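Shown next, in structure tokens, is the structure this report addresses.
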Amino acid sequence: MNRDRTDGASVPVVTQGSVSPVFPTVREVLGLVPVRHGAPRLVAGDAGLDRPVRWVHVTEVPDIATLLGGGELVLTTGIGLPADDAGLRAFVGDLADVGVSGLVVELGRRYVGGVPRVMAAAAERRGLPLVELRRATPFVRITEAVHALIVDAQLTELRATEEIHQRFTELSVEGAEPAEVLRQAAELAGCPVVLENLSRQVLAYDPAGENAELLLDGWEQHSRRIRPAGRTAYDPDSGWLVTTVGARGQDWGRLLLRWPAAEAAPPTRLTILIERAASTLALGRLIRRDAEGLERQIHRTLLTALIDHSRPVDEVALRAKALGVTLDRRHLVGVVVRHRSDDPAGDVGPDGHDDPGAARRRDPEAVGPEAGPARLRDLAEAVGQAVREANLTALTSAVDDHAVGALLALPDPAAEEKALAAFAAALRRVRLDAAPPRPPTPRPGRPTDGAGRGGAPGVVRPVDVSARPAVVVAAGSGVSSLREARRSLVEARQIAEAARRDPRDLPCFRLPHVGLAGLLHLLRDEPRLQTFVERELGPLLAYDAQHPREQLLGTLRAYLEQGRNKSAGAVAAHLSRPAFYERLARIGRILDADLDSVDQCLSLHVALLALDAVRTS
């Protein structure tokens, strides 16, 4: 009879901390006390010791494989196994084919000295762990111990899932920023997490303690190779678990989690985790929090309602009139004011371009976690004061994290240009009055004032960079109806975004000041534009990702920028004409496009400009 005895077997006792996240492995099962009672010895298949054990099955019949589903640890005394070598090889092969985790044979009933060599050879050839129990042990105790371990692991998984739901519910309620959502996801998963837009540009990431540079190096090309099948799926070739991020039927990005165990799919809790993180990110994009006064909140609510169509325009007009802003039967002009730099530490340098460290160098203590919201509130107050000083009537409020909007209500269209000029001048005065004086910044190569004027070359004249405002004022097209106000406001916001990098110092930017490149730049975060880029250039970008030495995108760019002149394009690409022609032919096949067609080339050129706008955002 089988007896339960303890001895000093060499396999270490498994501890709770070494249990795998979902199922125990064959190695861990061999460390359980009931198994150690049988003095286990690994005969073959040590390469498969880390296979997970989904269940334990006891059998004494040779054709058991048809009843198994994979992942089982099979226990047997061998009484019913075939007596011939071919039968034993077939028995082991059938178990390996169905995907069992391992085979444990108790000696004493059928095999006394050890399992047959043919069985060990077959198991070693198929990488199937084959274990001898050299002492009798009750199989029921082994099954109880393993099943208890599995159930305990499943309970641990359930608790982890509950923690995931609780953690991300709290983040959703708090309106957490994407960086915090990714930090929490990486902490719970213990794996790197990356958030990207539809053009494969990284929006946020958390390396989970790994090297961030290695994680993000060549990200766009790497990301294009990750092609999971489904909205949420695991790509075993790349080792990334991916889910789509979006809300209200509009997808705007992907969330990716790298699973280090490439040989096995990630556990269910990680799928739940990445989907909850994605929903939290999508919800956070819809929620905007701001600590403003009640009147300013109402202004923002009404402006947001006009932009988002979240309230009937009649209700907006009624509530605005109650605030003293009459919008009915008025000529309406949307105005947006924003800083040239998104970075609270940013500013303009002596050359008139963005200098991200300027403010920090002038006053390091002025830049901190609250600098961004504080800067936006200051700008909103300046816009409101400028509206009052210019004797204008308007709804004013922040419209996003970096811009302040105003809907000017004018008596007639003839007053539009005069009102915009008055507003821009008043805003400049307000901001100059409120801003601390800046020290003059020397600019090399310019003559000095006074006695130095016209002096020796290389003499420096101080330049007051505060003369060039650090904000952009943009106005949309005037409209005659409140129902059209959204168009004017959205247009103004887009113009302001595009004009940030415009070197000109205009009092107010209008749509004619923004060219095609600027238009595409201001639309760079629009998912439909990113989808257009992927539709037009996706196959070529994917090809370049697979063949980084060729970079056919540059060939296409040279061809289009030279007005479809192949000879000039070959010179610009530094290629011989035959090589350039061959590349163009290959590009045409990859994109299924006629590169002699004006319409198709125009579409591809716009897609290239849009891709540049997305990549430089």
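The values are calculated or read from the model by the stated rules, or taken from the named source; none is laboratory data. All of these numbers come straight from a predicted model, not from anything done at the bench. Heads up, the Cβs are rebuilt from the backbone with ideal geometry, glycines too, and the neighbour counts pull from every protein chain shown. The accessibility values were calculated without ligands, DNA or RNA, using every heavy atom of the protein model including side chains. Shrake-Rupley method; radii C 1.70, N 1.55, O 1.52, S 1.80 Å.
Assuming residue 463 fulfils every condition listed in (1) surrounded by fewer than 16 Cβ atoms within 10 Å (Cβ to Cβ); (2) over 23 Å from residue 416 (Cα atoms); (3) at pLDDT below 85 apart from one, which condition is it?
(1)
Quick one: would you say residue 573 is open to solvent by less than 10 Å² (accessible area, probe 1.4 Å) and not basic (Lys, Arg)? Can you show your working first?
Working: open to solvent by less than 10 Å² (accessible area, probe 1.4 Å): no; not basic (Lys, Arg): yes.
Answer is no for this residue.
State the number of residues belonging to region 202-220 that are closer than 20 Å to residue 244 by Cβ and in contact with a helix residue (DSSP H, G or I) (Cβ under 6 Å, 6 or more places away or on another chain).
First pass over region 202-220, keeping only residues closer than 20 Å to residue 244 by Cβ: 202-206, 219-220.
Next cut, in contact with a helix residue (DSSP H, G or I) (Cβ under 6 Å, 6 or more places away or on another chain) only: 202, 204, 206.
Adding up the residues that qualify gives 3.
For residue 167, state whether it is more than 22 Å from the chain's Cα centre (by Cα), open to solvent by 30 Å² or more (accessible area, probe 1.4 Å) and on the phi < 0 side of the Ramachandran plot. Steps first, please.
On the way: more than 22 Å from the chain's Cα centre (by Cα): no; open to solvent by 30 Å² or more (accessible area, probe 1.4 Å): yes; on the phi < 0 side of the Ramachandran plot: yes.
In short, no.
Of the residues 483, 487, only one is touching a strand residue (DSSP E or B) at 6+ places or on another chain (Cβ under 8 Å) and within 27 Å of residue 329 (Cα to Cα); which? Spell out the reasoning first.
Numbers: 483 fails: touching a strand residue (DSSP E or B) at 6+ places or on another chain (Cβ under 8 Å).
Only one candidate qualifies: 487.
Looking at region 177-187, which of its residues are open to solvent by less than 20 Å² (accessible area, probe 1.4 Å) and modelled with pLDDT under 90?
none
Only one residue in 556, 537 is out of contact with any Ser or Thr (no Cβ under 9 Å at 6 or more places or on another chain), crowded, with 18+ Cβ neighbours inside 10 Å and within 21 Å of residue 219 (Cα to Cα). Which one?
Details: 556 fails: within 21 Å of residue 219 (Cα to Cα).
The match here is 537.
Every residue in region 482-521 that is in a loop (DSSP other than H, G, I, E, B), among the charged types (D, E, K, R), surrounded by 15 or more Cβ atoms within 10 Å (Cβ to Cβ) and at pLDDT below 85, please. Even if it seems obvious, please write down each step before you answer.
First pass over region 482-521, keeping only residues in a loop (DSSP other than H, G, I, E, B): 500-508, 510, 514-515.
Filter again for among the charged types (D, E, K, R), leaving 500-502, 504-505, 510.
Now drop any that are not surrounded by 15 or more Cβ atoms within 10 Å (Cβ to Cβ), which leaves 500, 502, 510.
Those that are in a loop (DSSP other than H, G, I, E, B), among the charged types (D, E, K, R), surrounded by 15 or more Cβ atoms within 10 Å (Cβ to Cβ) and at pLDDT below 85: 500, 502.
What do you reckon, is residue 156 surrounded by 13 or more Cβ atoms within 10 Å (Cβ to Cβ), within 30 Å of residue 283 (Cβ to Cβ) and of a type in the set (Ser, Thr, Tyr)?
Values: surrounded by 13 or more Cβ atoms within 10 Å (Cβ to Cβ): yes; within 30 Å of residue 283 (Cβ to Cβ): yes; of a type in the set (Ser, Thr, Tyr): yes.
It is true that residue 156 is surrounded by 13 or more Cβ atoms within 10 Å (Cβ to Cβ), within 30 Å of residue 283 (Cβ to Cβ) and of a type in the set (Ser, Thr, Tyr).
Identify all residues within region 78-127 that are in a strand (DSSP E or B) and over 12 Å from residue 48 (Cβ atoms); write none if there are none.
So in region 78-127, the residues in a strand (DSSP E or B) come out as 102-106.
If the condition is that a residue be in a strand (DSSP E or B) and over 12 Å from residue 48 (Cβ atoms), then 104, 105, 106 are the ones that fit.
Just for region 377-401: of the residues that are open to solvent by 90 Å² or more (accessible area, probe 1.4 Å) and not acidic (Asp, Glu), which one is farthest from the chain's Cα centre (by Cα)?
That would be 391.
Could we say that residue 246 is more than 15 Å from the chain's Cα centre (by Cα) and of a type in the set (Gly, Ala, Ser) here? First the steps, then the outcome.
Details: more than 15 Å from the chain's Cα centre (by Cα): no; of a type in the set (Gly, Ala, Ser): yes.
So residue 246 does not fit the description; no.
I need the full set of residues from region 198-223 which are open to solvent by less than 20 Å² (accessible area, probe 1.4 Å) and modelled with pLDDT of 85 or more, in order please.
To start, the set of residues in region 198-223 that are open to solvent by less than 20 Å² (accessible area, probe 1.4 Å) comprises 199, 204, 215, 219, 223.
Hits for region 198-223 are 215, 219, 223.
Which one of these does residue 331 not meet: (1) modelled with pLDDT of 75 or more; (2) surrounded by 18 or more Cβ atoms within 10 Å (Cβ to Cβ); (3) out of contact with any helix residue (DSSP H, G or I) (no Cβ under 7 Å at 6 or more places or on another chain)?
Checking residue 331 against (1) modelled with pLDDT of 75 or more; (2) surrounded by 18 or more Cβ atoms within 10 Å (Cβ to Cβ); (3) out of contact with any helix residue (DSSP H, G or I) (no Cβ under 7 Å at 6 or more places or on another chain), the one that fails is (3).
Residues 534, 550: which one is assigned to a helix (DSSP H, G or I), out of contact with any His (no Cβ under 7 Å at 6 or more places or on another chain) and more than 17 Å from residue 424 (Cβ to Cβ)?
Working: 550 fails: assigned to a helix (DSSP H, G or I).
Answer to the check: 534.
Can you tell me which residue in region 28-73 is most open to solvent (accessible area, probe 1.4 Å), limited to those that are touching a Ser or Thr at 6+ places or on another chain (Cβ under 6 Å) and under 15 Å from residue 123 (Cβ atoms)?
Among them, the one singled out is 51.
Which pairs do you get when a residue that is without any contact (Cβ under 8 Å) to a residue 60 or more places away in the chain, found in region 56-72, comes within reach of a residue that is among the hydroxyl-bearing types (Ser, Thr, Tyr), reach meaning Cβ atoms under 8 angstrom, with the pair 6+ apart or on two chains?
Partner pairs satisfying both residue conditions: 59/76; 60/76; 60/77; 71/101; 72/101.
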